[in-house]
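**Student:** Handing you a structure now.
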Amino acid sequence: MIARLLLLTFCSFILASAAPAQDVEQALKQQYENKVLTLRHSFKNNSQYYAADGRVLKSGEEGPWTVYKYIAVKKLEVKAQKIELLCSRIAYVYSKQSKRLEPNRYGDMRVTIEIESDQPFDSLRSAQSAFSKVFSSKKSDFIKSVPEYWRDYLEKEEQHAIENQNNAAATQQPANANLKSDVPVQPDGTTEMKPKIFRVGPEVTAPQPLYTPEPMFSTEARKDKVQ
C-alpha cells in the first residue's frame with residue numbers, strides 16, 4: 001500500500017514538473033519558430049553550445065557575419081535544463097539589382113544550438129532571458145558586434161529602413177483625409193456634415209411647390225376656428 005502511494009506521488013510530481021516545461025516550450029515555439037534570429041557570435045561550427053548566461057561552452061572559429069550570424073529556427077524543444085534549436089543558416093549576399101546586401105538561404109546547411117542551464121526552464125521569463133544572452137535582440141547590439149569597418153554601412157542601412165517606414169506611414173491617408181475642411185471631426189472620429197445654405201439670386205431660383213392640397217378640418221374645428 002505504501003509503495004503504491006509513493007509511486008502515485010512520484011508520478012504526480014513528474015506530471016506537475018512536465019506541465020510548465022510544455023507551456024514554456026509552446027510559448028517559445030510561437031515566438032521563435034520560423035523566425036530569423038541574430039547570433040551574438042558568428043561561429044562556423046554547425047553545433048554550438050551556450051550557457052543560459054550567454055557563455056560559450058564550446059568555442060570555435062568565427063567567420064564572416066554575412067554568412068554565420070543569422071539563423072532561421074526550424075524546430076525548438078525544451079528538455080528540462082536544456083533548449084535545443086534546429087536551424088538553417090541565412091547568408092547576406094550582394095544584390096546587383098538593389099546594390100545592397102540581401103538575405104538568402106545558405107544552401108541546406110543545418111545548425112544545432114543548445115542552451116544549457118543549472119536550473120530547469122520552468123518559466124517563459126527564464127527562457128527568454130537565456131535567448132537574449134545568446135541572440136542579439138536589438139539592432140544596436142548587432143552593429144556593435146560586427147567588425148568596425150562594417151558599422152558605418154549598417155548604420156546607414158538602418159537609417160534608410162527607418163526613412164522608408166516613415167515614408168510609407170506618411171503616404172497612408174487616414175479615413176477622413178478626403179473630407180473637406182468644413183467637415184468637423186468629432187472626438188470619437190465621426191463626422192457631422194454642415195448643411196450648405198443657398199440664397200435666391202441670379203443663379204438660384206426660389207423653390208416652387210409641386211402639390212398644395214387644401215387642409216381638411218372637422219366640423220367642430222371649423223366652428224371653433226381651430227387648425
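The values are calculated or read from the model by the stated rules, or taken from the named source; none is laboratory data. Computed from a prediction, not measured in an experiment: that's the story for all the values here. A quick note on method: Cβ atoms are made from the backbone with ideal geometry, for glycine too, and the neighbour counts reach across all protein chains shown. For the accessible areas, the whole protein counts, side chains as well, though only heavy atoms, and no ligand, DNA or RNA atoms are used. Shrake-Rupley method; radii C 1.70, N 1.55, O 1.52, S 1.80 Å.
**Student:** Given Arg89, Arg125, which one is closer than 21 Å to Gln30 by Cα, without any contact (Cβ under 8 Å) to a residue 24 or more places away in the chain and within 21 Å of the chain's Cα centre (by Cα)?
**Tutor:** Sole residue among the options that is closer than 21 Å to Gln30 by Cα, without any contact (Cβ under 8 Å) to a residue 24 or more places away in the chain and within 21 Å of the chain's Cα centre (by Cα): Arg125.
**Student:** Have a look at Glu192, Glu203, Glu155 and point out the one that is open to solvent by 100 Å² or more (accessible area, probe 1.4 Å), at pLDDT 55 or above, within 38 Å of the chain's Cα centre (by Cα) and more than 30 Å from Tyr92 (Cβ to Cβ).
**Tutor:** Answer to the selection: Glu192.
**Student:** I would also like to ask the following. Considering only region 85-122, how many residues are at pLDDT below 90, among the charged types (D, E, K, R) and surrounded by 15 or more Cβ atoms within 10 Å (Cβ to Cβ)?
**Tutor:** Qualifying residue count for the region: 1.
**Student:** Do we have any residue at all in region 123-137 that's at pLDDT below 80 and either among the β-branched types (Val, Ile, Thr) or within 15 Å of Thr38 (Cα to Cα) (or both)?
**Tutor:** Scanning region 123-137, I find at least one residue that is at pLDDT below 80 and either among the β-branched types (Val, Ile, Thr) or within 15 Å of Thr38 (Cα to Cα) (or both), so the answer is yes.
**Student:** Grab the helices (runs of 4 or more DSSP H) fully contained in region 54-172, keeping just those with 2 or more residues being in contact with a strand residue (DSSP E or B) (Cβ under 8 Å, 6 or more places away or on another chain) and β-branched (Val, Ile, Thr).
**Tutor:** Of the helices (runs of 4 or more DSSP H) lying wholly inside region 54-172, those with at least 2 residues that are in contact with a strand residue (DSSP E or B) (Cβ under 8 Å, 6 or more places away or on another chain) and β-branched (Val, Ile, Thr) span 65-68.
**Student:** Let me ask something else. Condition first: within 14 Å of Ala130 (Cβ to Cβ), touching a residue at least 40 places away in the same chain (Cβ under 8 Å) and either of a type in the set (D, E, K, R) or open to solvent by 30 Å² or more (accessible area, probe 1.4 Å) (or both). Now tell me which residues in region 53-76 satisfy that.
**Tutor:** Asp53, Leu57
**Student:** Among the numbered criteria (1) in contact with a strand residue (DSSP E or B) (Cβ under 6 Å, 6 or more places away or on another chain); (2) modelled with pLDDT of 90 or more; (3) in a strand (DSSP E or B), which single criterion is violated by Glu25?
**Tutor:** The single condition Glu25 does not satisfy is (3).
**Student:** Condition first: surrounded by fewer than 15 Cβ atoms within 10 Å (Cβ to Cβ) and either more than 15 Å from Ser132 (Cα to Cα) or more than 18 Å from the chain's Cα centre (by Cα) (or both). Now tell me which residues in region 22-43 satisfy that.
**Tutor:** Gln22, Asp23, Gln26, Gln30, Glu33, Asn34
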